[in-house]
Amino acid sequence: MQHLPGFLTASELTLLRGLRHELHGYKTDFGHVFIKIAPIPSTLEQLVARARRQLTADGATDCFFLHYQHGDATKAHVDRGRLARLIALVDAPESGGELIVSGERANLREGDAVVFCPATDVHEVTPVVGSRLVWSVGIRYT
């Protein structure tokens, strides 16, 4: 897991928070709300490009929010497929909601990001008190 402190600027956090309220998602089996951002709006193109540069793979890009509400958590798992992913914390919960990758706590503050390979790195999110919003960009590669 690679840590990227302060990856998102204050204006990018504001942009993402505003965009999240324009989109609708659905509750997943993992317990959080998945909100796909497709097509990627022009206002996010530069930010997505910057996120892609942090990922070491070429391939199709996905972009989405994960919104955890009070009590939501994600059990330890790996994702299917071959991919690299950047996760950035947009809104921190009151407590909990810690991302753990391969046994290591990410210790994210709002605006911080991490890069990891969710197909090989076991990852989970501890139960959230309050609300937690993350923005994610991934690349599926062959």
Revision key, fill the gap. Put in order of increasing Cβ neighbours within 10 Å, starting from the fewest, Phe64, Phe116, Phe34 give Phe34, Phe64, Phe116
Revision key, fill the gap. Fewest-first ordering of Phe65, Phe30 by Cβ atoms within 10 Å yields Phe30, Phe65
Practice item. Between Thr28 and Ala73, with labels modelled 7 Å along Cα→Cβ, what's the label distance in nm to one decimal, could you check? Key: 1.7 nm
Study note, to complete from the structure: Stretched fully, the stretch from Glu45 through Glu110 gains (0.36 nm per residue minus C-alpha distance, one decimal, in nm) 21.3 nm
Exercise for review: Give me the distance between the Cα centres of the range 1-67 and the range 73-140, rounded to whole Å.
Suggested key: 12 Å
**Study point:** Gain on full stretching of the segment that runs from Ser102 to Arg53 - 0.36 nm per residue minus C-alpha separation
**Key:** 15.3 nm
Point to revise | 222 nm mean residue ellipticity, helices alone, for the chain (DSSP H n ≥ 4; -39,500 (n - 2.57); rounded to 500) | key: -4500 deg cm²/dmol
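If you place +1 on the Cβ of every Lys and Arg, -1 on the Cβ of every Asp and Glu, and leave all else neutral, what size is the dipole of the chain about its Cα centre, to the nearest 20 Debye?
Using only the charged Cβ atoms, the result is roughly 280 debye.
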Study note, to complete from the structure: Under the 7 Å Cα-to-Cβ spin-label approximation, Arg80 and Gln2 lie apart by a distance in nanometres of 2.8 nm
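Here, each number is a calculation from the coordinates, and none is a lab measurement. Computed from a prediction, not measured in an experiment: that's the story for all the values here. Glycine gets a Cβ as well: all are built from the backbone with ideal geometry, and neighbour counts include every protein chain shown.
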